[in-house]
C-alpha cells in the first residue's frame, strides 16, 4: 500500500496550544480500550465537549499551532484512531504528541498557514502526499504543507511502528 492522496471532510478545531489534557482528561487515564476512550476526545476542550460522541470517521481534523503539547498521554492519540479519522492537519504539533501519533499510525500533517486558509466545516479536502499540497475542493484554494519524511510514510503505510516491525 502506498499513501499518495487522502481526502475527507474538514472538521475545524482551530485553536492554538491544545494540550493532551484538553484532548483526553487526566481523570480518565485508567481507560485503555479505544472504544471507551473515543467518546471522551476533546471532552475537556471548551466548545468541543461533545466532539467524542459524534461520528468523525473519514474526517480530516484541522487544528492550530502546537497541537498536543504536554504529556505523553497515549489516549490522546488512541481516541482519534478509534474515530477512524483520516488525518490531523495543523500549523504545528507538540513533539511528544507527534512522535506518539506517528508510532501509532495516526497521520499528522504540518501545514503552516492552514488556519488562515478559508475552510469551513465539512468542506471537502484533498491532501496530495507526494506534492505536499492540501486543496480545498469546495473553495478551490490550496496550501503547501510540509513533506512527510519517507520513514514516517513507511510507518503510516504499515499502520504503526509495531506493525511495521511485524512485516520485517
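Worth pointing out:
- When the residues of the stretch 136-151 are filtered to those that are crowded, with 16+ Cβ neighbours inside 10 Å and outside any strand (DSSP E or B), the one that is modelled with the highest pLDDT is 145.
- Of everything in the stretch 1-34 that is within 28 Å of residue 154 (Cβ to Cβ) and part of a helix (DSSP H, G or I), the residue that is farthest from the chain's Cα centre (by Cα) is 34.
- Candidates 96, 133, 119, 88 - the one that is buried (at least 22 other Cβ atoms within 10 Å of the Cβ) and without any contact (Cβ under 8 Å) to a residue 40 or more places away in the chain: 88
- The residues of the stretch 32-42 that are buried (at least 16 other Cβ atoms within 10 Å of the Cβ) and more than 13 Å from residue 13 (Cβ to Cβ), listed by number, are 37, 38, 40.
The values are calculated or read from the model by the stated rules, or taken from the named source; none is laboratory data. Note that the coordinates shown come from a computational prediction; the quantities given were computed from them, not determined experimentally. For neighbour counting, all protein chains shown are included, and Cβ atoms are generated from backbone atoms with ideal geometry for every residue, glycine included.
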